[in-house]
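Encoded as structure tokens, the structure appears first; notes follow it.
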Amino acid sequence: MGPAAPDAETPGDVAAEPITRGECRSMRMPERMGRRRFLKRFGALAGMLGAGRHVIGGAGRPRKCNILFILIDDLGWRDVGFMGSRYYETPDLDRLAAQGMVFTRAYANAPNCAPTRACLMSGQYTPRHGIYTVGSSARGNSRYRKLIPVKNTTTLDANVVTLAEALKPAGYVCASMGKWHLGGADETKPTGQGFDVNVGGNAAGHPRSYFSPYRNRDLPDGPKGEYLTDRLTDEALKFIEANRDRPFFLYLPHYAVHTPIQAKAEMIAKYKAKKPDGGQKNPAYAAMIESTDQGVGRIMAKLDELKLADETVVVFFSDNGGHGQVTSMAPLRGSKGMLYEGGIREPMIVRWPGKVAAGSRCETAVIGVDFYPTFLEIAGAPVPKGKVLDGESLVGLMTRGKPLKRKAIFWHFPCYLQAYGPGRWRTTPAGAVQQGDFKLLEFFEDGRLELYNLKEDIGESQDLAAKMPDKTQELHALLKAWRKRLGAPVPTQRNPDYDPSAPAGKPNKAGKKKARRKKSTP
Ligand SMILES: [Ca+2]
């Protein structure tokens with residue numbers, strides 16, 4: 001739970017001190033003390049000018065912070081150096097982590113791509129927009145599905161007021177560069193949802209190829225063999241350069257490191273010569289991560305060159321757990337597609353010079369829907385009229401250790417996801433709630449409840465549901481009340497095709513159809 005420190009008075013004062021209270025603690029003294037003293041002196045002025053005008057610009061004038069949100073696709077919790085990987089090499093991200101706050105319990109709203117993105121863009125949990133999964137909610141062999149899952153929506157409704165639409169009235173120019181996955185029609189693509197610029201985003205969940213020609217109608221091909229991650233970085237640099245004089249929101253959802261696993265040959269060779277470590281062993285995947293890391297380094301260098309680095313909040317995050325056949329989230333249990341920690345816990349950094357202590361860590365649980373209100377507060381933008389936001393701004397937490405108000409966070413995934421390897425499922429329809437040290441999972445096929453103490457058992461290996469019936473019931477009641485409040489549908493109808501004794505490898509017609517669809521929307 002959050003620290004009990006009193007709320008500080010002057011925003012400019014707080015980051016002058018290393019955050020040592022409660023769960024947000026400093027690992028070492030913050031850098032840039034000179035700048036912090038400067039901010040301390042002018043903190044009151046910044047406060048008078050409104051929440052969005054925290055930073056003094058190069059010419060001495062107050063200006064709004066730029067927001068750079070780097071979202072990686074399918075990057076696992078431990079797929080970066082700063083989270084402990086000894087196989088993958090991410091020197092630029094490790095530097096970014098050292099310059100900001102690392103969140104060790106940052107969660108995606110879902111264990112796969114589209115729902116997490118819908119929650120980020122809408123600021124709302126999955127039951128409000130109906131994007132619960134990718135493609136069909138009825139994936140895998142129909143004969144093994146006991147229930148008819150809740151029907152899935154694949155497009156974020158054009159009427160949803162997105163994060164970009166909420167930031168625009170505060171004077172932000174908004175760009176989306178990379179994977180969108182929330183609609184491909186004019187009104188549901190990024191440019192229909194508040195972004196001024198869209199590079200390569202549409203309904204696609206992965207690139208046809210990481211090398212040009214990309215065959216992406218929203219991304220003109222580059223020279224043959226150009227690498228997509230480098231290209232998106234190039235586009236980001238151009239955008240930053242062109243908008244150096246006004247506040248920008250750059251949403252950079254890289255297609256990397258989602259399948260197809262494709263990387264530069266010379267970089268793959270380097271990792272082939274390297275010893276695998278802790279279940280991380282795929283050289284091409286490692287090379288994809290390194291290219292992504294290099295892109296982050298180039299962007300940070302550009303922000304430095306343009307003297308924008310101190311005026312830009314940089315957030316690094318991933319949309320779900322790593323692919324279970326490609327990487328390892330150990331010691332976490334599970335991988336992409338599961339509500340166990342390996343499917344939803346993400347690496348996360350916030351770099352905000354003068355506001356968030358360098359080299360600090362935060363162990364408070366945060367979740368994707370928190371970014372919408374966080375970015376509005378940073379921008380000094382009001383919540384759009386009538387807009388329901390399910391998350392909570394992290395500004396107080398990360399700048400001055402102010403505890404969050406909420407009691408718990410929730411997941412709702414009333415869908416089936418077929419297994420990639422042995423076994424039938426990554427998940428059957430399920431929900432989850434996390435509160436304090438505890439997490440409860442509910443599986444709708446049989447009502448099974450599993451309870452874990454994440455503090456003592458991060459690998460979710462000891463189900464405490466039978467041992468701690470009171471805690472189990474308490475969290476179950478919380479989860480049910482949340483579902484009721486949001487009108488979240490729970491699948492209850494039995495699937496007439498259900499035949500658990502059906503032999504593997506012989507899906508019925510419906511199963512075959514789903515399997516084909518899976519190929520186009522992994
Ligand atoms: Ca993903």
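The values are calculated or read from the model by the stated rules, or taken from the named source; none is laboratory data. None of these values were measured; they are calculated from a predicted model. Counting neighbours? That spans all protein chains shown, and the Cβs are built from the backbone with ideal geometry, glycine included.
Identify, from the list 184, 135, the residue that is within 29 Å of residue 385 (Cβ to Cβ), of a type outside the set (S, T, N, Q) and modelled with pLDDT of 95 or more. Give the derivation first.
Details: 135 fails: within 29 Å of residue 385 (Cβ to Cβ).
Only one candidate qualifies: 184.
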Which numbered condition residue 393 fails, given (1) outside the structural domain of residue 88 (by TED's automatic domain parsing); (2) within 16 Å of the ligand (Cβ to nearest atom): (2)
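Residues checked against (1) surrounded by fewer than 24 Cβ atoms within 10 Å (Cβ to Cβ); (2) out of contact with any Gly (no Cβ under 7 Å at 6 or more places or on another chain):
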| position | (1), (2) |
| --- | --- |
| 298 | yes, yes |
| 308 | yes, yes |
| 326 | yes, yes |
| 347 | no, yes |
| 358 | yes, no |
Taking only the stretch 462-487 into account, find how many residues are closer than 23 Å to residue 105 by Cβ and within 25 Å of the chain's Cα centre (by Cα). 6
When the stretch 121-155 is checked residue by residue, the ones that are assigned to a strand (DSSP E or B) and surrounded by fewer than 21 Cβ atoms within 10 Å (Cβ to Cβ) are 147
In the stretch 420-459, anything assigned to a loop (DSSP other than H, G, I, E, B) and of a type in the set (S, T, N, Q) is listed as 428
Could you tell me whether any residue of the stretch 116-137 is among the small types (Gly, Ala, Ser), over 18 Å from residue 411 (Cβ atoms) and touching a residue at least 12 places away in the same chain (Cβ under 8 Å)? yes
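Checking the structure you have, find out if any residue of the stretch 479-487 is farther than 26 Å from residue 373 by Cα and of a type in the set (A, V, I, L, M, F, W, C). Spell out the reasoning first.
To start, the set of residues in the stretch 479-487 that are farther than 26 Å from residue 373 by Cα comprises none.
Looking through the stretch 479-487, none of the residues is farther than 26 Å from residue 373 by Cα and of a type in the set (A, V, I, L, M, F, W, C).
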Spot the failing condition for residue 417; the list is (1) in contact with an Asp or Glu (Cβ under 6 Å, 6 or more places away or on another chain); (2) in a strand (DSSP E or B), and only one is missed. (1)
All but one of (1) under 22 Å from residue 331 (Cα atoms); (2) away from the ligand (no atom under 16 Å from the Cβ); (3) assigned to a loop (DSSP other than H, G, I, E, B) hold for residue 76; state the number of the condition that does not hold. (2)
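Step by step: first the residues of the stretch 201-242, then only those that are among the basic types (Lys, Arg) and surrounded by fewer than 18 Cβ atoms within 10 Å (Cβ to Cβ), then the one that is nearest to the ligand (Cβ to nearest atom). Which residue is that? Please lay out each step first, then the result.
Taking the stretch 201-242 as the starting set, the residues that turn out to be among the basic types (Lys, Arg) are 208, 215, 217, 224, 231, 238.
Restricting the remaining residues to those that are surrounded by fewer than 18 Cβ atoms within 10 Å (Cβ to Cβ) gives 208, 215, 217, 224, 238.
On the way: 208: 17, 215: 20, 217: 21, 224: 28, 238: 26 Å.
Among those residues, the one meeting the criterion is 208.
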Single match in 257, 197 (criterion: in the same structural domain as residue 115 (by TED's automatic domain parsing) and in contact with a strand residue (DSSP E or B) (Cβ under 6 Å, 6 or more places away or on another chain)): 197
Determine whether the stretch 421-438 contains at least one residue that is surrounded by 19 or more Cβ atoms within 10 Å (Cβ to Cβ), within 19 Å of the chain's Cα centre (by Cα) and aromatic (Phe, Trp, Tyr). no
Sort through 153, 126 and tell me the only one that's within 26 Å of residue 417 (Cβ to Cβ), within 16 Å of the ligand (Cβ to nearest atom) and among the hydroxyl-bearing types (Ser, Thr, Tyr). 126
From 98, 158, 166, residue being more than 26 Å from residue 333 (Cα to Cα), among the small types (Gly, Ala, Ser) and surrounded by 24 or more Cβ atoms within 10 Å (Cβ to Cβ): 166
